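Some notes on the structure that comes next.
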Amino acid sequence: MFFSSYSGKVFRVTLVTLAVSLLIPLIGAIILLESPIEPQYLSFPEPPLMSEALEPNFKLRQAERLFEGQLIGPESMANIGGVLYTGTADGKIIKIEDGKMHTLATLGRPPCGTQKDELTCGRPLGIRASQNRTLFVADAYLGIFEVNPFTGKVEVLVPTRIPVNGKSLSFVNDLDVTRDGRKIYFTDSSSKWQRRDYAYLIMEGINDGRSALIDSLRVRKRRSRTENQPGEKKTRKCHSETHLQGAGIVYHRLVCLWFCLPSLVNQTTDPQRHLRDKLKNSTPKIKLGTCAVLPNPPVCLLCHLLEYDTFTKEVTVLMDDLRFPNGVQLSPNEDFVLVAEMTMARIRRCYVSGLNKGGLDLFVENLPGFPDNIRSSSSGGYWVAMSAVRPNPGFSMLDFLSQKPWIKKIIFKLLSQEALMQFLPKYSLVMELYDNGVCKRSFHDPHGTVATYVSEAHELDGYLYLGSFRSPFLCRLNLSEV
């Protein structure tokens, strides 16, 4: 009896000692270590119910893997005729023809192969082909390139070392080009984080991403700002502050404060801080659009429409204050550009021609996942790829964490980005949207069994080619079978 009681006490003491020895370092790390991120409070509505066109299925599992182990991270694809082109994690542009692949060009310089090498090796992300049979590539670290698809000759169009409006291009992501090749639209996902730190960017939720336009013919500078209300499209034009001085600027900002406060309250739980930041950054010397003093009440629009002249090599901002802008897609008529705002699970639309030129609205919001690249479909709609979803019914970890910045800080005090990726559910989703943003159909792989970390869906000759920012293969899905 005594022995049994003694053994129980020893066990309890040992257990408590072990728990304390583990908890003390953990608590010390939480208190003493600095978090690499300063996450913002974000709020999402309840995700859409996964039913009807969004009903979960296993259709992506019918895809076949191509060149497995030979391609690492083929994020995006483009085709010229039946020839497919993609960029890989080791800085290469790959040409796939007649079932065979070979290296067409390299954008950076060796060594390559690891994430640490990306800064100099380059990391091609978005890739497009123009009608004049030229490839355009967005490299996350090096900028925008033009690549000859036959000779492999590479020309830098927009190097990242040149700042735009005082901000460096830190994370060039996706692009699209007009049919005549005159204009290129592209996203810069962050001015703070680079591609290798994309997990920080997602978790931090900062609005420092941009969308820009390159125009090869003329230079015109215009500003526009709108605020979209549910069920309502606003495209009022705005002026900049560059023509105001002294008291005029003060008055202009006070009017902005008054009229824009309601919309800003909907964007952040700390509108006063948001307003202070906006006003501090909207000085005449920095050419950023602001709310305008107009006969009608002004509205806040995060849209800046400017153009580029190839002689001066100036890149100007089209849209600003975006949270992880990602995929880019021109409309069939090239009157507007769609931009995936990944962190906010929505797609924005900015009009670039026609009567609404300079206007901005929401094409679709509250998506069932976090959108990556957008590509046109043969039906006149759009393919949207997602590698992280917001299941309903179910539990969305990213939605849960969005309202708890303090938990995000603790997570990155204790875990690396790579370790965090292991905890994220692998769920691949590809949606086809009608031209009005309504979901037409969806393809799923609930556990990422076949198609993993999907970044793009590129339609070609009845097949859907699935890119990935991480997987060592391409996937090909026969659309006639699904």
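Points worth noting:
- Normalised alpha carbon radius of gyration of region 31-159 [divisor 2.2 N^0.38 Å]: 1.36
- Set K100/K440; K167/K408; K100/K153; K100/K192; K59/K404; K116/K409 screened for pairs whose C-alpha atoms are more than 30 Å apart: K100/K440; K100/K192; K59/K404
- Inter-label distance for R133 and F58, nm, one decimal - labels placed 7 Å from Cα along Cα-to-Cβ: 4.4
- Of every Cα-Cα pair in region 78-128, the percent that sits beyond 15 Å: 44
- Cα centroid of region 118-189 to Cα centroid of region 466-482, whole Å: 24
- Estimated inter-spin distance, T114 and R470, nm [label 7 Å along Cα→Cβ]: 2.0
- Computed over the alpha-carbon atoms, region 404-443 gives an Rg to Rh ratio of 1.27, Rh here being the Kirkwood radius from the mean inverse distance.
- In this calculation the C-beta distance from S379 to E97 is compared with R0 = 41 Å, giving a FRET efficiency of 0.90.
- Sorting 381-388, 396-403 by their mean Cβ neighbour count within 10 Å, with the most densely packed peptide first, gives 381-388, 396-403.
- Label point 7 Å beyond Cα of I407 along Cβ direction - residues of region 175-203 with amide nitrogen under 15 Å: 203
- Using the Cβ-Cβ distance between R65 and L18 with R0 set to 45 Å, the FRET efficiency works out to roughly 0.50.
- Accessible carbon and sulfur surface of region 306-438 relative to its total accessible area, %, 1.4 Å: 58
- Using only the C-alpha atoms, the convex hull of region 384-429 corresponds to 90 Å³ per residue.
- Reported to the nearest whole Å, the Cα centre-to-centre distance from region 72-88 to region 321-341 is 20.
- Karplus-derived HN-Hα couplings along region 320-330 (A = 6.51, B = -1.76, C = 1.60, θ = phi - 60°), whole Hz, x at Gly and Pro: 9, 6, 9, 9, 6, x, 10, x, 10, 8, 6
- A simple packing score, the average count of other Cβ atoms within 10 Å per residue, orders the peptides 46-58, 76-88 as 76-88, 46-58, with the highest score first.
- With coordinates expressed along the principal axes, the C-alpha atoms belonging to region 326-482 extend over 50, 39, 28 Å, beginning with the largest.
- Label point distance in nm, R179-M397, each placed 7 Å from Cα along Cα→Cβ: 4.5
- Accessible surface computed residue by residue for region 400-482, with neighbouring protein chains in place and a 1.4 Å probe, gives 41 Å² per residue.
The values are calculated or read from the model by the stated rules, or taken from the named source; none is laboratory data. Please read all numbers here as calculations on a predicted model, not as lab measurements. When we count neighbours, we look across all protein chains shown, and the Cβ atoms used for this are built from the backbone with ideal geometry, even at glycine. Quick note on the areas: whole protein, heavy atoms, side chains included, nothing else; ligands and nucleic acids left out. Shrake-Rupley method; radii C 1.70, N 1.55, O 1.52, S 1.80 Å.
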